[in-house]
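Below you'll find the structure, written out as structure tokens, and then a few comments.
The values are calculated or read from the model by the stated rules, or taken from the named source; none is laboratory data. Source: prediction; values computed, not measured. Heads up, the Cβs are rebuilt from the backbone with ideal geometry, glycines too, and the neighbour counts pull from every protein chain shown.
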Amino acid sequence: MRREVVYILTICIGLWVDQNGTEWPLKGEYIVDIVVWSIFATIYARGDRVERIEMLTVLAFATPMELFFTEVWHLYEYREGMMPLFVPAGHWFLFDLGRRFSKHLPEHWAWPSIVPFVPLSIYFAYQGIDTSGLLLLVALFGFMQWGPERRLYATMAWLALAMELWGTHLGNWAWYAEVPWTPLTAWNPPLLCGVVYALGDLLVNITVNQFTSQESD
């Protein structure tokens with residue numbers, strides 16, 4: 001089975017099982033933990049050296065960022081409070097899925113693919129339901145203009161939104177309407193939540209490139 005299919009099925013079905021299996025003999029969340037980390041471990045065991053570095057780097061960045069956003073900044077909250085154990089490995093699934101999908105996006109379509117976010121962000125901000133979207137839109141433009149992986153950032157903007165819409169629809173987590181420490185508001189989920197993933201992708205790419213270049217010197 002293609003890895004992209006494994007990622008999509010794991011994310012979609014896994015979130016459903018996590019949400020609907022709260023009363024099962026073996027709690028749905030624990031089932032998802034076992035399946036996700038088993039898949040992660042299998043990919044790690046079969047992967048080459050660079051991919052293993054990427055996987056560990058994603059965990060190193062995504063886990064503390066996730067805990068900061070939920071436990072310190074309180075941007076959103078999981079159904080049962082603390083971050084489920086399957087989430088860090090799930091970040092790798094989404095990162096690798098986005099990278100694989102982005103390879104099929106022609107370079108000249110990278111900018112046009114994010115154009116729908118412009119009027120939507122303006123409209124949501126005008127309505128007052130997601131004023132943070134304008135700042136995230138500017139940040140996305142910055143990544144697109146100066147980041148090394150323009151197609152990846154465009155792809156992640158849509159993939160992350162799709163995953164967030166599914167997760168918030170099921171009730172696995174929910175974003176707060178008010179953004180703490182700011183006068184901003186956020187939709188549930190924020191329209192441009194994918195910008196956070198783009199930031200993570202940028203940090204991972206820079207770190208992995210730096211690490212591998214030092215090793216080759």
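Would you point out which residue out of 208, 179, 204 is more than 22 Å from residue 124 (Cα to Cα), touching a residue at least 60 places away in the same chain (Cβ under 8 Å) and over 17 Å from the mean Cα position of the chain (by Cα)?
So the residue among 208, 179, 204 that is more than 22 Å from residue 124 (Cα to Cα), touching a residue at least 60 places away in the same chain (Cβ under 8 Å) and over 17 Å from the mean Cα position of the chain (by Cα) is 208.
With 191, 161, 134 as the choices, which residue is surrounded by fewer than 19 Cβ atoms within 10 Å (Cβ to Cβ) and closer than 21 Å to residue 97 by Cα?
Unique residue meeting the criteria: 161.
Here is a check on your reading of the model: is residue 97 surrounded by 20 or more Cβ atoms within 10 Å (Cβ to Cβ) and either over 20 Å from residue 162 (Cα atoms) or of a type outside the set (Asp, Glu) (or both)?
Values: surrounded by 20 or more Cβ atoms within 10 Å (Cβ to Cβ): yes; either over 20 Å from residue 162 (Cα atoms) or of a type outside the set (Asp, Glu) (or both): yes.
In short, yes.
Looking only at residues in region 1-44 that are touching a residue at least 60 places away in the same chain (Cβ under 8 Å) and among the aromatic types (Phe, Trp, Tyr), which one is surrounded by the fewest Cβ atoms within 10 Å (Cβ to Cβ)?
16
Results for (1) basic (Lys, Arg); (2) buried (at least 19 other Cβ atoms within 10 Å of the Cβ); (3) farther than 18 Å from residue 171 by Cα, shown as yes or no for each residue.
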{"position": "63", "(1), (2), (3)": "no, no, yes"}
{"position": "74", "(1), (2), (3)": "no, no, no"}
{"position": "78", "(1), (2), (3)": "no, no, no"}
{"position": "87", "(1), (2), (3)": "no, yes, no"}
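Are any residues in region 45-55 surrounded by fewer than 16 Cβ atoms within 10 Å (Cβ to Cβ) and part of a helix (DSSP H, G or I), and if so, which ones? Show your work before the answer.
First pass over region 45-55, keeping only residues surrounded by fewer than 16 Cβ atoms within 10 Å (Cβ to Cβ): 45-52.
Within region 45-55, 45, 46, 49, 50, 51, 52 meet the criteria.
Can you tell me which residue among 134, 105, 85 is modelled with pLDDT of 95 or more and within 27 Å of residue 63 (Cβ to Cβ)?
Criteria check complete, one pass: 85.
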